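Below: the structure, in structure tokens.
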Amino acid sequence: MKRKTEKKLISAACAVFIAFSASSCAGRNPGGETLNKDMTQLNIGVFEGGLGSDWVYALKKSFEEKYADVSFEPNKKGVQLQVSESKSFSGTFGTEGTVNMSQDVIFAEGAAMLYCAERGDFLDISDIVKAPLDYDFVRKNTADGGESATIESKLSDNQKAYYSALDNKYYALPTAETYMGIAYDIELFEENNLFFAPDGTFVKSAADQRSSGPDGDPDTEWDNGLPATYAQFYTLCAKIKQLGMIPVMWGGALQEMVSFLLLSLEADYAGSEQMYLNYDYNGVLKNQILSFGKDCLPVTGGSVNISAANGYELYKQDAKYYALKFLEGIIKNGYYNVKNGTSSSFTHQDAEDVFVSAKYNTKLQRAAMLVDGNWWQSEAKGVFNEWEAEKGECASLQNRKFGMMALPKADESKTGNMTLLTYQGHIGVINSHIEDYKINLAKSFLQYCYTEKALRTYTLMTNICRPVTYSMGDDYNKLSSHGKICCDLHVGANKVSMESSSKINRNYNTEIWYAPNLWTSTVGGTTYKFPSTAMINSGISAEDYFLGLSGYWTKGVWNGTFRNV
Amino acid sequence: MIKKICDRANGKKIEDLFFYAVILAFPVLQFCVFYIGVNFNSLLLAFKNYESYNSYSWSGLSNFENLFVMFGEKTLYAVAFKNSLKSFVWGTACGLLLGLFFSYYIFKKGFAYNFFKVCLFLPSIIPAIALVVMFKQFADGAMPQILGKIGFHVKGLLAEPKLTFGSIIFYNVWISFGTGILMYAGAMENIPESIFEAAKLDGASYGIEFFKIVFPLIWGTFSTFFIVNVGSIFINSMNIYAFYGPNAEESVYTIGYFLYNESVKTNAYANYPQLAAFGIVLSLITLPFVYLSKFILKKIGPAAD
């Protein structure tokens, strides 16, 4: 009897606990902010990833103030931005698309833009792209003293073609200029005199004159002193290793980062036109590797017309070989985090943590360079904040000196401006299932995100750029070292995007842009997906791996994989 | 009077029929749409080609032809077939048989049986992704350090290519015990106590009791598990997606992982016809084996009496 009563009491307590938990959930909105029932809510969805949504919060106040006196619904006045983050703002937005999503404006990552637009997920936003930025879609007038430029004028020709590929209408806008590269610890480089002097030796002090860097131009300060060639890069790595540090680190659990780095190296070697063949499949491929000579040097030559039908020919592109060669040098000489470079328990976030923390936590081995995307600092914000709380402002994200490294060239003959390969799928859209009374408000917000002021705010908050033309002005000086270099690259580098409206790219989007699908190689009857693990675990050389790319992508496999394109 | 009774009986029959119809309508409809409809559509898809969003064209047998070209040219299929068979053999040999012994131990309330019951059942109630993360930390984080201290230097159970697939099989066998134990122990509970008492009086040891009484009496449950295992040879993804997401190395591919991975890729609609054709081929391979194993198990199994 007593036991029965006990059971009843426990059950009742559990029921009360669950009921309270449920009620507390029901009372909260996705953004965590109290819902103001006297205002119209504009729901903003942001992909839950490294870049986060702090930048939306930074724009929130000024946008809400802009329409504080406007009524969008009966008995309501003003607008309240409700921000929510979700992983579902990606790919094809699930099988149902945006139909059941409550978000009105969505900032997605890795989205299949053309597919979703074709399915009717996104609203036609051609009017906001083509209208002057000072045109107010809510008030239907032109504001005084605003920007007269259009969003379209800030887009490149390639972007215009891609984003208006469906019936010449815009359904999305590019939102983030992201790329994979090598981040480096500038403080560590300065403390240990790891920059190169013009004569090719290392500088003796931080004040010494530095070499011109990979672009060969001393006026572009951001790459001065950095290794200009692969050979110099290995010399640098050898010195770092000698100092007891890890030259290059990556998260063993995410080898795809190394594969994406290889794409970046490939793009830098090939140049934008030749690299874009890998996404558009329309043009002439120059410099195929025909064979390897007795001295193991590649013999290049010939040109091939590339179409979706013979895309396998691109796997003989010389730039791919040189990218692999770069990696081979790192792996063969142990210039990477040997201990956990292939460990599934060492994630890229662990690597970011070590990269930031090792300066203060002496138990950790310090790393000079990190293979990661240019968004890594946003991802590691928590780590920076922890150290700032412990060590003070000097340890903050703003004050620590990191930067994205200008990639070294295969040899001196390739010295010149960097070509950046930027990711696809970072887009801003308006949900086509939005309620009618909110359409102009949503348009106004998306348009607002592309004003000079908002673009600068975005860069200040994320330390990366939007892939459109704008100037940071005086705000440049407020950026962290990393942010400044991202801006320098934004302005100075040639860019090539993975975005293409070709049929093959539309139908097989993931197969075309996602790096792990692009480095599959069959060597000696075994197929490898990641060059890094193949080189580490099986000792495969760059040459064999490169030949294996064509071994895997035979005409039959290519035509069997990419059908009806 | 008789007419009245007949009318009432008819009325009751109609009422009952109506009741059954209402009760069954929803599940039948669901079965028609989500099983027959989906599978029929999948069958048709095997004979189509993807054009663009929501648009397919008939392509005859080209998907099947293409599939056989790919079998010949890509190493993936051979590797995945081999791994699927390996996982079936190990899964059956270890998972099914050890599960049987563990269940008997728990049924007989051996030493600390409750502790073992919780340990073996725990993986079934912890979300797969959390369990995989823990296993990764154990395999590539803790193990290298533990083994290093006793002189064995390995990068990790998953990081070391020679050990990777073995570790994945171990993980899958470990997590498979929960369901097996639940079912076997349940079946053992149904064996009348009097049989065990009679066996005890005859002086039967635990071994004899297990092989002569328990195993024959739960043969039905065992053979069901076995047949299900045979039927799922090519759909068992071995939790590889939880380990590696879409980026597993080919050396650990199973057919189940390949099918799952290809179908969940972003914007993978163009691959669906090929996958549908592959699905049909796999069904044609599996079906005879399922019936053969059913036949054999029935033949060699103990008689009901």
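Readers should treat all values here as calculations from the given coordinates under stated rules, not as data from a laboratory. These figures come from a predicted structure and were not determined experimentally. All Cβ positions, glycine included, derive from the backbone under ideal geometry; neighbour counts span all protein chains shown.
Separation of region B:115-170 from region B:37-71 is 40 Å, based on Cα centroids. Hey, which of these cross-link pairs are over 31 Å Cα-Cα: A:K325/A:K495; A:K140/A:K478; A:K339/A:K381; A:K76/A:K453? Beyond 31 Å between Cα atoms: A:K140/A:K478.
Expressed to the nearest 5 percent, the antiparallel share of DSSP beta bridges inside the protein assembly as shown is 60 percent.
The mean number of Cβ atoms from other chains found within 10 Å of a Cβ in peptide A:505-511 is 5, as a whole number.
For region A:238-249, backbone phi angles converted through the Karplus equation (6.51, -1.76, 1.60; θ = phi - 60°) give residue-by-residue couplings of 4, 5, 5, 5, 4, 7, x, 10, 8, x, 10, 10 Hz, Gly and Pro being listed as x. With the highest mean first, a sort of the peptides A:535-548, A:316-329, A:337-350 on other beta-carbon atoms found within 10 angstrom per residue produces A:316-329, A:337-350, A:535-548. The H on the amide N of A:N43, modeled in the peptide plane, is under 5 Å from the matching H of A:Q82, A:D104, A:V105, each at least 5 residues off or on a different chain. Karplus-based coupling profile of region B:92-101, in residue order and whole Hz: 6, 5, 8, x, 6, 6, 4, x, 5, 5, with θ = phi - 60° in 6.51 cos²θ - 1.76 cosθ + 1.60 and x standing for Gly or Pro. Rounded to the nearest 500, the helix-only mean residue ellipticity at 222 nm of the protein assembly as shown stands at -14500 deg cm²/dmol, with each DSSP H run of n ≥ 4 adding -39,500 (n - 2.57). What the Cβ-Cβ distance of B:S124 and A:E452 gives, at R0 = 56 Å and to the nearest 0.05, is a FRET efficiency of 0.50. In this structure the amide hydrogen of A:K409, modeled in the peptide plane, comes within under 5 Å of the amide hydrogens of A:T229, A:Y230, none closer than 5 places in sequence on its chain. Which pairs in the list B:K48/B:K265; A:K154/A:K409; A:K332/A:K391; A:K320/A:K555 are over 27 Å apart, alpha-carbon to alpha-carbon? With Cα atoms farther than 27 Å apart: A:K154/A:K409; A:K332/A:K391. Averaged over peptide A:553-561, the number of partner chain Cβ atoms lying within 10 Å of each residue's Cβ comes to 4.
Legend: calculated FRET efficiency, A:E190 to A:A389, from the Cβ-Cβ distance at R0 = 22 Å, rounded to 0.05, equals 0.30. Distance from the Cα centroid of region B:234-305 to that of region A:260-327 is 37 Å (rounded to whole angstrom). Given the pairs A:K359/B:K155; A:K286/A:K414; A:K37/A:K66, which are separated by over 22 angstrom at their Cα positions? Too far apart for the 22 Å limit: A:K359/B:K155.
Counting Cβ atoms of other protein chains within 10 Å of each residue's Cβ and taking the mean over peptide B:70-82 gives 3. Computed about its Cα centre, the charge dipole of the protein assembly as shown is approximately 3520 debye, with only Lys, Arg, Asp and Glu carrying charge at their Cβ. What the phi angles of region A:149-163 give under the Karplus curve with 6.51, -1.76 and 1.60, with θ = phi - 60°, is a coupling list of 5, 9, 5, 4, 5, 8, 9, 7, 4, 4, 5, 4, 5, 6, 6 Hz, glycine and proline written as x. A simple spin-label model places the labels of A:K76 and B:L201 8.0 nm from each other, with each point 7 Å out along Cα-to-Cβ. Sites listed here are trypsin sites (Lys or Arg not before Pro) in region B:104-193 whose DSSP assignment is loop and whose Cβ has at most 15 other Cβ atoms within 10 Å: B:K108, B:K109. The shape of region B:66-300 can be summarised by an equivalent ellipsoid whose semi-axes, obtained from the alpha carbon gyration tensor, come to 36, 26, 14 Å from longest to shortest.
Around the amide H of B:K48, modelled in the peptide plane, lie the amide H atoms of B:S59, all under 5 Å away and 5 or more residues distant in sequence or on another chain.
Each semi-axis of the equivalent ellipsoid for region A:33-84 is √(5λ) with λ an eigenvalue of the Cα gyration tensor; in descending order they amount to 23, 11, 7 Å.
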